[in-house]
Amino acid sequence: MKKYIILFLLTIVLSSCVKEDFFGLSNYGNIKSIVVSNQASNAVINTNEFTVEVEIPAGVDLSNISIQNLDLSSFATADKQVGDILDLREPQQILVTAEDGSLHAWTITSFVASATPQLDNGDLNQWYKTGSDYFEPGKDAASTIWGTGNPGTQILNKLATVPFDLGNGNLAAQMITLDNGRLAGTFGAPISTGSIFTGVFDSDKIDPSNPQAAIDFGTPFSGRPEKLRLKYKYQAGEVNKDKQGNELGYPDMLDIYALLEIRLGGKTERLATAWFRSSNNQSDMIVIEIPFTYGELDGTLPDYMKPVNQAYVSSDSAAFVLPTHIIFVASSSFDGANFAGAIGSTLIIDDVEMVYKE
């Protein structure tokens with residue numbers, strides 16, 4: 001058993017050490033990701049042309065845009081850093097110096113955001129093949145706003161989230177709660193829950209005992225939708241169990257929710273909540289609309305919908321302020337983060353859409 005434990009841990013370590021660098025001095029001088037204040041969506045990064053386009057809502061002072069996150073190629077440096085101000089009334093330049101000393105001049109421009117934005121690839125038709133030969137949602141790894149737990153489970157040869165062909169080239173996301181086997185169970189990870197979310201899975205932070213430790217949830221977003229609309233079908237697994245394998249007295253349930261947040265000055269506040277949790281089996285794809293509740297949630301709503309370690313925006317602001325980020329999550333087992341669920345629970349979703357007042 002000790003031999004297998006060592007091999008299991010070694011696999012985790014090796015899988016988290018893939019970098020852009022190589023032996024010798026690297027000539028990579030890329031901006032891999034950038035987030036600026038009031039950004040409405042993921043930046044559009046062109047590594048061939050060395051350009052970045054950021055989407056900013058109308059009415060924002062473009063002369064005072066601050067850099068909130070700047071991720072560069074390994075060992076590269078830049079003449080701008082987090083906290084620096086960009087005047088995006090005109091194209092701005094960030095000079096990146098690669099490890100080998102080569103210079104790469106990047107041009108940063110902005111464009112006006114839509115008042116009714118949608119999530120990129122919300123129809124879930126685009127899936128790209130990873131270097132580990134499995135598929136993830138999005139056009140490519142650099143531009144996608146979507147993530148899954150697959151980077152953490154594929155080391156066990158488990159893929160709990162996969163593209164699903166609904167016919168005529170229409171793809172959806174299928175999430176299945178899987179049995180991880182006896183060895184993984186000894187590490188306290190008996191199941192893998194299928195999930196899809198807006199955000200990034202950081203393989204360097206994989207923790208087999210805490211599936212969410214490696215996930216940075218959310219993507220830039222600046223709309224005020226009235227409802228969350230999508231198509232789904234669901235089949236709960238037969239036996240719902242907790243992490244220790246004890247049978248629970250209630251069925252497994254799907255979880256689908258979207259949270260609008262305001263992230264400023266290192267503080268995150270909840271602006272709006274849309275949540276759907278259900279154990280009902282649904283054999284055919286149907287359309288569901290989930291209303292957003294803006295501001296603080298009252299006592300008639302369940303506690304799981306309410307923020308735990310953050311506050312709501314003020315009641316005055318909730319009536320008009322724009323969010324900075326959206327978190328969308330769909331999961332085949334609602335308590336999968338605690339390794340509770342029913343093996344075989346299957347959720348399929350498609351056509352995720354924000355509905356705005358006409």
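Which value in deg cm²/dmol, rounded to the nearest 500, describes the helix-derived mean residue ellipticity at 222 nm for the chain, given -39,500 (n - 2.57) per DSSP H run of n ≥ 4 and division by the residue count?
Mean residue ellipticity, 222 nm, calculated: -2000 deg cm²/dmol.
Modelling each spin label as a point 7 Å along the Cα-to-Cβ direction, I'd like the Arg182/Thr300 distance in nm, to one decimal.
My value for the distance between the label points is 5.2 nm.
For Ser143 and Lys267 in the same chain, what is the full-extension length gain: residue separation times 0.36 nm, less their Cα-Cα distance, in nm?
Computed gain between Ser143 and Lys267 is 42.1 nm.
Regarding the chain, what are the three Cα extents along the principal axes, ordered largest first, in Å?
Result for the chain: principal-axis Cα extents of 60, 56, 44 Å.
Compute the length gained on full extension between Thr77 and Asp202: take 0.36 nm times their separation in residues and subtract their Cα-Cα distance, giving the result in nm to one decimal.
Difference between extended and current length: 42.9 nm.
Going from the alpha-carbon gyration tensor of the range 94-143, what semi-axes, largest first and in whole Å, does one get by taking the root of 5 times each eigenvalue?
29, 23, 5
Over the range 306-358, consider all pairs of different Cα atoms and compute the Kirkwood hydrodynamic radius from their mean reciprocal separation; express it in Å, one decimal.
15.0 Å
When Lys and Arg each count +1 and Asp and Glu each count -1, what net charge do the other residues less than 12 Å away from Ser331, Cβ to Cβ, add up to?
Neighbourhood net charge equals -2.
Considering only DSSP states other than H, G, I, E and B, which GluC sites (Glu not before Pro) in the range 229-328 qualify as loop sites with at most 13 other Cβ atoms within 10 Å?
Glu238
So, R0 is 35 Å and r is the distance between the beta-carbons of Ser132 and Ser66; what FRET efficiency does that work out to, to 0.05?
Using R0 = 35 Å, I get an efficiency of 0.45.
Can you sort Asp61, Asp87 by 1.4 Å-probe accessible area, starting with the largest?
If we order Asp61, Asp87 from most to least accessible, we get Asp61, Asp87.
Probe 1.4 Å, all protein chains in place: accessible area of Trp146 in Å², nearest 10?
Approximately 10 Å² of Trp146 is accessible to the 1.4 Å probe.
How much net charge surrounds Asp242 when only the other residues with a Cβ under 14 Å from the Cβ of Asp242 are counted, with Lys and Arg +1 and Asp and Glu -1?
-1
Going by average Cβ density within 10 Å per residue, which order do the peptides 148-155, 114-121, 318-325 take, highest to lowest?
Averaged packing, sorted descending, gives the order 148-155, 318-325, 114-121.
Step by step: find N for the range 127-256, compute 2.2 N^0.38 Å, then divide the Cα radius of gyration by it. What's the final number?
1.13
Averaged over all directions, how much area does the convex hull of the C-alpha atoms of the range 69-165 cover when projected, in nm²?
Averaged projected area of the range 69-165's Cα convex hull equals 9.4 nm².
Cβ neighbours within 10 Å, averaged per peptide: list 32-40, 307-315 in order, most packed at the top.
32-40, 307-315
Calculate the all-directions average of the projected area of the range 220-358's alpha-carbon convex hull, and give it in nm².
Spelled out: convex hull of the Cα atoms, projected over all directions, averaged, 9.8 nm².
Just the number, please: percent antiparallel of the DSSP beta bridges in the range 189-325, rounded to the nearest 5.
So the antiparallel bridges amount to about 95 percent of the total.
For every other residue with a beta carbon closer than 11 angstrom to the beta carbon of Gly344, add +1 if it is Lys or Arg and -1 if Asp or Glu, then tell me the sum.
It works out to a net charge of -3.
Considering the Cα trace of the range 36-125, what is its radius of gyration and what is Dmax, both in angstroms?
14.2, 44
The values are calculated or read from the model by the stated rules, or taken from the named source; none is laboratory data. Every value quoted in this text rests on a predicted model; they were computed, and no experiment measured them. Every residue, glycine as well, gets a Cβ built from its backbone with ideal geometry; the counts of neighbours run over all protein chains shown. These area figures cover heavy atoms from the full protein model, side chains too; ligands, DNA and RNA do not enter into them. Shrake-Rupley method; radii C 1.70, N 1.55, O 1.52, S 1.80 Å.
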